[in-house]
Amino acid sequence: MAKVLVINQGLFQELVNFQEVMETVETAFTQFAQSRSVVFPSVRERIEEHNGIYSIKSSYLIEEGAIGLKTGGFWNDNWKKGKTNHQSVMLLLSPETGEPICLLDANSLTAIRTAAAGAVAAKYLALPESRTVSLIGAGIQARAQLEGLLHLFPLEKVTVYSRTQASAARLVEEIRQKGLQAEQAETPREAVDSSDIVVTTTPAFSPVIKTSWLQKGAHLNAMGSDTSGKREVELDRLPDKIVCDLWEQASHLGELQGQLSRDSLFAEIGQITGKELPGRQTPSEITMFDSTGLAIQDLSVAQFVYRKAMEEQRGIYVDL
Ligand SMILES: NC(=O)c1ccc[n+]([C@@H]2O[C@H](COP(=O)([O-])OP(=O)(O)OC[C@H]3O[C@@H](n4cnc5c(N)ncnc54)[C@H](O)[C@@H]3O)[C@@H](O)[C@H]2O)c1
């Protein structure tokens, strides 16, 4: 009989802090680029009947001795039922025996590991003195991405554009309460063309912004496209450096699908975190990171939290 440690959302949130998650995700990117971990093919399929996207992402971290999967996805109409559109759960298995060892809520995990990926990319690619950010989309990811960037940059002003005025207005109000300047843009162009960092976090299937709107020195984190057919950004002028998390995913699920050949890609992010290739080299270059979300982000953070829970003797064990 397997003993499974269950870590619910409340405990997960108690056990993580952003700095540790960012370091964990950065290490995971580097290890992957150095073939010290394995990402298995992901499943990302539409469930037309329920306006959902079903996903499985799994991987193996060789040195950490961790293996596991995250499943769930994005159900577009959940907000009408008072639930978050993104839903997921994570299962860790023993790499020695294949037995299940830990079940974690992965809604918070997804938000924080994605914020960490955006922050790691911005750390290497954005201007270090970036002060202005625009958020395209005003949901869970927009909030998480902003929290991540606040750990690294002396941000002063945030501009928000979203499809629904009300959701943008709510986010603007929340940001003001943090003591930052915040304003709502009438058009996506107005949000993008004067910001040091632009973050797209929508589930859009047709472009919301164009790269030709980015100002000199800007960095774009394109976080929303993670499924075949999605698109937030029209690459009408190629940024000087285009970076993704994993070409095989970005070219099928990400912003780069159908828009770019492998030759135009500057790097996968782990090549930059592992110092094989440089990040930003000049103040004026325009950079872009396309994130589709890697299984190693989920697994590395889940394993970190699992270890911490065991050390602190937290969580509930269930006999399966
Ligand atoms: N890269 C990754 O690793 C990763 C991780 C998690 C989520 N995602 C993706 O990020 C996206 C957002 O996720 P979320 O959990 O924040 O969703 P959410 O539903 O909480 O928020 C989405 C926001 O985008 C806005 N929006 C929708 N369509 C728009 C459009 N055409 N133009 C402008 N705004 C629009 C909505 O009004 C809402 O404010 C999804 O596509 C999700 O699959 C990616």
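The values are calculated or read from the model by the stated rules, or taken from the named source; none is laboratory data. Predicted model, so just to flag it, every value in this text is computed and none were measured. Ideal geometry is used to build each Cβ from the backbone, glycine not excepted, and the neighbour counts take in all protein chains shown. Surface areas here come from the heavy atoms of the whole protein model, side chains and all, with no ligands, DNA or RNA. Shrake-Rupley method; radii C 1.70, N 1.55, O 1.52, S 1.80 Å.
On the basis of the beta-carbon distance and an R0 of 22 Å, residue 164 and residue 9 show a calculated FRET efficiency of 0.30. Loop-located GluC sites (Glu not before Pro) in region 30-90 (DSSP state other than H, G, I, E, B) with a sparse environment of at most 13 neighbouring Cβ atoms within 10 Å: 63.
Please give the helix 107-125 orientation as an angle from the longest Cα principal axis of the chain, in degrees from 0 to 90, rounded to the nearest 10. Computed tilt is about 50 degrees. Using a probe radius of 1.4 angstrom, the carbon and sulfur fraction of the accessible surface of the chain is 51%. Counting 0.36 nm for each residue step from residue 43 to residue 238 and taking away their Cα separation leaves a gain of 67.3 nm.
Model label sites at residue 314 and residue 156, defined 7 Å from Cα along the beta-carbon direction, differ in position by 3.8 nm.
Starting from one equal scatterer on each C-alpha and no solvent at all, send me the Debye-based log10 I(q)/I(0) for the chain at q = 0.09, 0.10, 0.14 Å⁻¹, two decimals. Here log10 of I(q) over I(0) equals -0.43, -0.54, -1.07. Placing unit charges on the Cβ atoms of the charged side chains and taking the dipole of region 119-293 about its Cα centre, the candidate lying farthest along the positive direction among 125, 145, 265 is 145.
Rounded to the nearest 5, the antiparallel percentage of DSSP beta bridges internal to the chain is 50%. Per residue of the chain, the DSSP helices (runs of n ≥ 4 H) give a summed -39500 (n - 2.57) that works out to -9000 deg cm²/dmol at 222 nm.
Straight-line reach from residue 123: which lysines fall under 16 Å, measuring Cα to Cα and dropping same-chain residues less than 8 apart? Within reach: 241, 275.
By how many nm would the segment from residue 89 to residue 2 grow when fully extended, if each residue of separation counts as 0.36 nm and the alpha-carbon distance is taken off? My answer for the length gained is 29.5 nm.
Rounded to the nearest 10 degrees, the angle from helix 18-33 to the longest Cα principal axis of the chain is 90 degrees.
Using only Cα atoms, locate the centre of region 16-60 and the centre of region 273-305, then give the distance between them in Å, rounded to an integer. Between the Cα centre of region 16-60 and that of region 273-305, the gap is 12 Å. Applying the Karplus relation 6.51 cos²θ - 1.76 cosθ + 1.60 with θ = phi - 60° to region 173-189 yields 3J(HN,Hα) values of 5, 4, 5, 4, 5, 7, x, 9, 6, 8, 9, 9, 8, 6, 10, x, 4 Hz, where x marks Gly and Pro. For region 102-202, the list of trypsin sites (Lys or Arg not before Pro) that fall in a loop by DSSP and count at most 15 other C-beta atoms within 10 angstrom reads 131, 163, 178.
Given a Förster distance of 35 Å, report the FRET efficiency between residue 63 and residue 252 from their Cβ-Cβ distance, rounded to the nearest 0.05.
Details: r = 28 Å, r/R0 = 0.80.
After rounding, the FRET efficiency stands at 0.80.
Quick one: compute the contact order of region 119-293, relative version, from alpha carbon pairs under 8 angstrom and 6+ residues apart, as a percent. Normalised by residue count, the contact order of region 119-293 is 23 percent. Sequence-distant contacts, meaning Cα pairs under 8 Å at least 6 residues apart, place the relative contact order of region 40-185 at 13 percent.
Our coupling estimate for region 61-70, obtained by passing each phi through the Karplus curve with A = 6.51, B = -1.76, C = 1.60 and θ = phi - 60°, is 9, 5, 5, 6, x, 10, 9, x, 9, 10 Hz, Gly and Pro reported as x.
The modelled label-to-label distance for the pair residue 216/residue 284, using points 7 Å beyond Cα in the direction of Cβ, is 0.4 nm.
Among the GluC sites (Glu not before Pro) in region 148-234, those located in a DSSP loop and surrounded by at most 14 other Cβ atoms within 10 Å of their own Cβ are 156, 186.
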